[in-house]
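A short worksheet on the structure shown next.
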Amino acid sequence: MIKALAAHEWDRRPTGPVSRQKKDALFELACRVALISESARETGAKAFIAAARAEKRKTLRYGLDLLSEGADWERVDRSYALEPLFGELDAGSRLEIALIKSGLGSVCRLEHPNIVLRRMTAHLGAEYFDKASAWIASRRKRKRRKPLTLLVPGELPDLVRTLALDPASLERALRGAGRELSVAAMAGCAQESVDLAKGFFGPIGSGTFEDDAEFVRNRLSGDEIAQAQAAFIELVRGLEQGGELDLGTEDDFYNDPAYVNELTRAVMSLDDKSLKATFAAKDKKSLALAMQGMEPSAHDRILGLLAKRETKRLLDAIDDAAILPRREVLEAGRALAKTVIAAAEKIKGAPRDAIERFARIRDWASVGTGGAAPTGGAAAAETGVPATSVAASAPGSDRKPTGKS
């Protein structure tokens, strides 16, 4: 498809010969713009200011100056068309302007640097496809992956795992959702889900998919990611109902909504002193696993009470945690409940309602995948609770926890 795009763009090239030397120079220019786009996704307008100062080619510097002044893409595009300096040009210079405008437009849309390079080099012809691929691959080898700081162990990661049992089903779902929606949905998932999804985009496309998931994770709000996840899930359900997918039996993967609600309420009702004492001492790996059965409010409360060093250790443990089937989440919750109850017995004035809830979690988890329903007033509160636990952001972060509606 990209090669076809390259051929199409080259068919639309300005009339007249363009030398190999000129095209090679434009390829180097395209690589610079790709690097600018990478910086722009991290630092915004600062990237344009720095790039404009360093750029010697006036055709590119002209657009960068406009972007550094806060111009939107429509203004940049219009300015190139109206600028007298770019009016009467030879075929090579007109090709240069077309290539630059294509690249800067992609940069303004905050597209991945690989996509920026592909769009620009498409103007140079299909013979530059392999050259662009080699440049992307060399950059990929040098790139260090940033560790995930969020975990969304809700329905979508479980659904992705189920789809991955039949690779054709997962590929069909990703194609049906489209790349943009798939990236936004996977942005709220743990690394396992991203790894399962990215494999269908080829050796270069997989890296681009993973980078974009990380970019979207830091850019969108929790509600926006939740909406993308809901849309992806709805699409998969539609494919299943239409007979295009067969998800098989999934019960073992989904958290019981009543259990999620009960554990969350237990954490939220425990006093700060008891909660801090318990979670500061608790093994971070087992705590990260237990948190897969909690809602975001509980995540935020736990992280808000821990010291900075303890928070970092917990987030590191979350990064390393695999998505667990329901029985293992329940077992992790059972172990946590035992720890809380033991610690609360040593603390004077620990709230009894919280201890009673943790006792129900201890007994609930011991039953296995079915669970034991809460009794008394707690049972009435379970109706309508989403079967999910979601991302928690570290204290001070501007990210909203992802929720399900």
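The values are calculated or read from the model by the stated rules, or taken from the named source; none is laboratory data. Because the structure is a prediction, the values reported are computed rather than measured. For neighbour counting, all protein chains shown are included, and Cβ atoms are generated from backbone atoms with ideal geometry for every residue, glycine included.
Taking first residues from the stretch 66-94 that are under 21 Å from Val107 (Cα atoms) and partners that are assigned to a loop (DSSP other than H, G, I, E, B), the Cβ contacts under 8 Å between residues at least 6 apart in sequence or on separate chains come to Trp73/Arg109; Ser79/Ala71; Arg94/Pro14.
Contact annotation: residue pairs with Cβ atoms under 6 Å, 6 or more positions apart or on different chains, pairing a residue in the stretch 43-57 that is at pLDDT 90 or above with a partner that is among the basic types (Lys, Arg), are Ala52/Arg61; Glu55/Arg61. Taking the criterion of being closer than 18 Å to Val260 by Cβ and either modelled with pLDDT of 70 or more or not assigned by TED's automatic domain parsing to the domain that holds Asp272 (or both), the residues of the stretch 354-375 that qualify are Ala354, Glu356, Arg357, Phe358, Ala359, Arg360, Ile361, Arg362, Asp363, Trp364. Exactly one residue out of Lys312, Lys308 is at pLDDT 75 or above, under 25 Å from the mean Cα position of the chain (by Cα), surrounded by fewer than 21 Cβ atoms within 10 Å (Cβ to Cβ) and over 26 Å from Val194 (Cβ atoms): that is Lys308. The condition of being surrounded by 23 or more Cβ atoms within 10 Å (Cβ to Cβ) and modelled with pLDDT under 90 holds for only one of Leu148, Leu165, Leu156, that being Leu156. Looking for something modelled with pLDDT under 85 and in a loop (DSSP other than H, G, I, E, B) - is there at least one such residue anywhere in the stretch 327-340? There is no residue in the stretch 327-340 that is modelled with pLDDT under 85 and in a loop (DSSP other than H, G, I, E, B).
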